[in-house]
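J.: Before I ask anything, here is the structure I am working with.
The values are calculated or read from the model by the stated rules, or taken from the named source; none is laboratory data. What you see is a predicted model, and the numbers here were worked out from it, not measured in a lab. Here the Cβ positions follow ideal geometry from the backbone for every residue, glycine too, while neighbour counts run over all protein chains shown. Ligands, DNA and RNA are stripped out before the accessible areas are found, and what is left, the full protein with its side chains, is counted by its heavy atoms. Shrake-Rupley method; radii C 1.70, N 1.55, O 1.52, S 1.80 Å.
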Amino acid sequence: MALETISVITPSYNQGQFIERTLLSVLNQNIPELEYIVFDGCSGDETLSILRRYEDQIRWISEPDHGQAHAVNKGIAASHGDIIGWLNSDDIYYPGALAKVRQYFYENPAVDVMYGDAFHIDIDDNQIEPYYTELWSFERFLSVCFLCQPAVFFRRRMVEQFGLLDESLQFCMDYEFWLRLAKKGAVFAYWPEPLAGSRMYTENKTLSRRLAVHAEINDMMKKKFGKVPTKWLLNYAHLKVNEGRLRHGRSRMALLALHFVLASLRWNHEISKDVLQHILSWIRGRKK
């Protein structure tokens, strides 16, 4: 059996500061029959001039789109590889990553989704910290998103069977996609080696709008599963408290408990036993 072919999709919009490093991180993988497609949303910076310099090695289109998920979906629809990777225009692959991915899928034909380790990186590609990753557990994944998007690869049969990204989502389209696949029975596998760098900086969409990101995750969880896990409610409550200036003390703890209860009522329409146990443990801990 021959090794599967790989398609990499990059959605792009005004990332001229980073996109050349993204392109080179893919092109320098030296993978036979690699298909690389960039869908740009009419960038107004230097992105297009950079893409033109590499147009003999990549396919790219610049046209209006309806957001990141739409651009990724267009790229998937235009591609033909057996294995699909999605690399944002400010992220990078590490050397040799795609060869490892290709070999892993070849040796593990039952695996549908493979994910590896990754690092958060700064604007100069320096590693900030490892992205938290762990062995696959669907129940655990409901409460903690431990997959780093650029280090995730999936077989084309996944989109053929279960559909493309949800274009109504602005932030958590990757998390929703993985949850959908897992819920339908897709086989996930963890490869404990660094495959990608996920860039974190002030203007980063996820970092700059964390409260909106968590609200969308909670909305998605409620829609898909009928209930939001306690951990996501608590994450949202912490972010609400962090909007203020209270950093320590009883006032902060009281405010956290309030936002925890309000989030539980907003999304789950109840104050669960789990939420109450969390709050009671805080009270007991404060009395010691």
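J.: Which of (1) touching a Leu at 6+ places or on another chain (Cβ under 6 Å); (2) open to solvent by 70 Å² or more (accessible area, probe 1.4 Å); (3) in a helix (DSSP H, G or I) does residue 57 not meet, given it meets every other one?
T.: Checking residue 57 against (1) touching a Leu at 6+ places or on another chain (Cβ under 6 Å); (2) open to solvent by 70 Å² or more (accessible area, probe 1.4 Å); (3) in a helix (DSSP H, G or I), the one that fails is (3).
J.: Which pairs have Cβ atoms under 9 Å, sit 6 or more apart or on different chains, and link a residue in the stretch 1-18 that is without any contact (Cβ under 8 Å) to a residue 12 or more places away in the chain to one that is open to solvent by 10 Å² or more (accessible area, probe 1.4 Å)?
T.: From residues that are without any contact (Cβ under 8 Å) to a residue 12 or more places away in the chain, the pairs are 2/106.
J.: Check 106, 132 and return the single one that is outside any helix (DSSP H, G or I), open to solvent by 30 Å² or more (accessible area, probe 1.4 Å) and hydroxyl-bearing (Ser, Thr, Tyr).
T.: 132
J.: Now for a different question. Name the residues in the stretch 192-227 that are assigned to a strand (DSSP E or B) and either open to solvent by less than 70 Å² (accessible area, probe 1.4 Å) or under 28 Å from residue 266 (Cα atoms) (or both), would you?
T.: Within the stretch 192-227, 193, 194, 195, 196, 197, 198, 199 meet the criteria.
J.: Which count do you get for residues in the stretch 120-129 that are over 13 Å from the mean Cα position of the chain (by Cα) and surrounded by 16 or more Cβ atoms within 10 Å (Cβ to Cβ)?
T.: Final tally of qualifying residues: 1.
J.: Shifting gears a bit: Among residues belonging to the stretch 231-272 that are modelled with pLDDT under 95 and basic (Lys, Arg), point out the one that is surrounded by the most Cβ atoms within 10 Å (Cβ to Cβ).
T.: Across the stretch 231-272, the extreme among qualifying residues is 240.
J.: Filter the stretch 135-156 for residues that are among the aliphatic types (A, V, I, L, M) and open to solvent by less than 40 Å² (accessible area, probe 1.4 Å) and give the result.
T.: 142, 144, 147, 151, 152
J.: Here is a further query. Just the residues that are of a type in the set (A, V, I, L, M) and either in contact (Cβ under 8 Å) with a residue 40 or more places away in the chain or part of a loop (DSSP other than H, G, I, E, B) (or both), please, taken from the stretch 228-238.
T.: 228, 233, 234
J.: Also, I was wondering about something else. Taking the options 144, 187, 152, 111, name whichever one is more than 27 Å from residue 70 (Cβ to Cβ) and under 15 Å from the mean Cα position of the chain (by Cα).
T.: When all the criteria are applied, what remains is 144.
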